[in-house]
Amino acid sequence: MENLRNGLDKLILFICVVLFMFMTAVGTYQISVRYIFKDPSTISEELISYSFAWMSMFAASYVFGKRDHMRMVFFVEKFNKKTQLYIAILCEIVILLFAFGVLVCGGKAITELTMTQISPALRISMGYVYSVLPTCGIITSIYSILYIRDLFIRLKEEV
């Protein structure tokens, strides 16, 4: 399972780095044509916006998988270790339900709904832009399942 987690981490990190490099290149192009050639590009604006949305979603999944996100633990820390593990499992199940229900199922629905909608400048289906929601929902769900497994192992060791 650690191989899956590490492989997923590397893949997502690679995607984020490529998207960031792409946004930097397109942003440089956009600034150049606007100020040097006095001819602003509408395509580059959309490319940057959609790339930023994709990078943000993948980065959020990555941070969730690394467990580096912000957590409010001052209330939970008042309980003993076993109760903390039960609360963590419950929270993780809620996160899994959210990721699957909202991001995967809801994202799939919005992706299908917007497949006929065309973006103004790029002339691509908006469904491709929204497809990041179910994709990152699946990734977050995988991370959540792996973490629930880890919590059950720790709970078994506590007993």
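The values are calculated or read from the model by the stated rules, or taken from the named source; none is laboratory data. In this text, all values refer to a predicted model and were calculated from it rather than measured experimentally. Note: ideal-geometry Cβ built from the backbone for every residue, glycine included; neighbour counts use all protein chains shown. Heavy atoms of the whole protein, side chains included, go into the accessibility calculation; ligands, DNA and RNA do not. Shrake-Rupley method; radii C 1.70, N 1.55, O 1.52, S 1.80 Å.
Descriptive notes on the structure:
- 10 Å binning of all Cα-Cα separations within the range 112-159, expressed as whole percents from 0 upward: 24, 27, 19, 15, 11, 5
- In sequence order, calculated HN-Hα J values of the range 118-130 (Karplus, 6.51, -1.76, 1.60; Hz; x Gly/Pro): 10, 6, x, 8, 7, 6, 10, 5, 5, x, 5, 5, 6
- Judged by the mean number of other Cβ atoms found within 10 Å, the most tightly packed of the peptides 24-37, 124-137 leads the ranking 124-137, 24-37.
- Taking the C-alpha atoms of the range 1-64, convex hull volume expressed per residue in Å³: 58
- Pairs exceeding a 32 Å alpha-carbon distance, out of 38/108; 66/156; 78/156; 10/38: 38/108; 10/38.
- Cα gyration tensor, the range 54-159 - rounded (a/c under 1.5), prolate or oblate: prolate
- Sorting the segments 9-16, 96-103 by their mean number of nearby beta carbons within 10 angstrom, highest to lowest, gives 96-103, 9-16.
- Linear extension gain, residue 21 paired with residue 90, 0.36 nm per residue minus alpha-carbon span: 21.0 nm
- Each helix, a run of at least 4 DSSP H residues, gives -39500 (n - 2.57); summed and divided by the residues of the chain, these come to -25000 deg cm²/dmol at 222 nm.
- Folded to 0 to 90 degrees: helix 132-158 orientation relative to the chain principal axis, Cα: 20
- Heavy-atom accessible surface of the chain: percent carbon and sulfur, 1.4 Å: 71
- Label zone at residue 116 (point 7 Å along Cα-to-Cβ), backbone N below 19 Å, the range 122-159: 123-131
- Using the 1.4 Å probe convention, the accessible area of the chain works out to 65 Å² per residue with neighbouring protein chains retained.
- Taking the centroid of alpha carbons for each part, the range 102-133 and the range 1-54 are 18 Å apart.
- Three-way shape label, the range 30-114, alpha-carbon gyration tensor, a/c 1.5: oblate
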